[in-house]
1. Leaving out ligands, DNA and RNA, what percent of the accessible area of the chain is carbon and sulfur, probe 1.4 Å?
2. Amide H to amide H, which residues 5 or more places from GLU24 or on other chains are under 5 Å from it, using H placed in the peptide plane?
3. What shape does segment 70-168 have by the C-alpha gyration tensor, where a ≥ b ≥ c are the square roots of the eigenvalues, rounded means a/c under 1.5, and otherwise prolate means a/b greater than b/c and oblate the rest?
4. Taking Cα atoms, how many degrees apart are the long axis of helix 199-213 and the longest axis of the chain, rounded to 10 and kept between 0 and 90?
5. Points 7 angstrom from Cα along the Cβ direction at SER329 and SER153: gap in nanometres?
6. Please report Rg (one decimal) and Dmax (integer) in Å for the Cα set of the chain.
7. Where a Cα-Cα gap under 12 Å defines reach, which aspartates and glutamates qualify for LYS34, not counting those fewer than 8 residues away within the same chain?
8. If you rank GLU205, GLU24, GLU82 by how much accessible surface each has, with a 1.4 Å probe, what is the order from largest down?
Amino acid sequence: MPPFRFIASLVLAFALAAPLAAQESLVRLKLDGKPLEGTPLAFNSRQVFLLARDGQLFEFPPAQAQDYSLVPSGFKSYSQAEIRGGLMREFGRGFEVSGVGHYLVVHPSGQKDQWAPRFEELYRSFVQYYAARGWQLTEPRFPLVAVVYPRQSDFQRQATKEGVPPASGFLGYYSTSTNRILLYDVTAGRSDVDWTVNAETIVHEAAHQSAFNTGVHSRFGVAPRWVVEGIGTMFEARGVWQSRRYPNRADRVNRGLLSSYRSQAATGRPGAEAIAEIVSSDRMFQTDPNGAYAQAWALSFYLCECEPRKYFQYLSKTAAIPAFSNYRSPQRLKDFTDVFGTDLTMLDARVQRFVAGLK
């Protein structure tokens, strides 16, 4: 089908689906010769964003699509069994797929499944953490998928293929496009090696995946990076992801980032200017990544511990940013100050006082 006819068909599909309230259009097509079913999230004459029934996001020029048709049944996720079958076909021999609760985990064949229960426990800890603070999260729309590679070289090869550059000590990541966690098992399946060597990375990335699938962030909006990384770094602390076992505030402190933030505070670095900078732009994560992560953690931890209602109000606001839109600096700052006030000097003083009192 010519590209202009494909776009016209998408417009027609949306027009037909509009009166059906919550029902989303389901389209069937071939992309690079492979069948694909999904719902169009956004499109123009140059690109189409299609959410597939397994939760992956496909971006492609209209000319790549062939054999387009509209399916009357409407869009819904594949079942867990269907996604499991797709993963088995995708990864083939050498891998198995295990499932517990919300998770499907691809792991090397012959190994006792240890990963699915771990990921499910992390997901439940994430939901419970917010529920205890008065925020009921939404159920994930799709089964959550994680892929555990047995060798670092296999993991790095896939990361490079997905455009994620390898780095020293790089063990895993969550992709908003595939909606999957990919990681390398440093224990290599050995039961005599402590899996918590992976724990900080696993917990951080599982927090990202949970947040993007329960309404804390929008996968297709522009979530401020300080918000995303602030939550990820908060969950690295054992008192956050193991709150029943470690219930004290001291257990919820990310010790490494506490030290980094205090070092910055000793030089006068944080300040109201730093809050304004990290709230209105992601630039600090490129120019001063260590400082950015410390600032994101400290601000997020303070707000979640001391001003949870306002914090959740703000998270709801950022999660509602329209998909694939620009979220410009002035609007980012306004959204923040609309909730927390314009006196960032006073806010910074409260954050620094809170962090100074942590033990």
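The values are calculated or read from the model by the stated rules, or taken from the named source; none is laboratory data. Please read all numbers here as calculations on a predicted model, not as lab measurements. Cβ: placed from backbone, ideal geometry, glycine included. Neighbour counts: every protein chain shown. Side chains are part of the model used for accessible areas, which takes the heavy atoms of the whole protein and leaves out ligands, DNA and RNA. Shrake-Rupley method; radii C 1.70, N 1.55, O 1.52, S 1.80 Å.
1. 51 percent
2. PHE75
3. Oblate, since a/c reaches 1.5 and b/c is not below a/b.
4. 60 degrees
5. So the two model labels end up 4.6 nm from each other.
6. Just the Cα atoms of the chain yield Rg and Dmax of 21.7, 65 Å.
7. Hits, sequence-local ones excluded: ASP67.
8. Reading off the accessible areas and sorting them downward yields GLU82, GLU24, GLU205.
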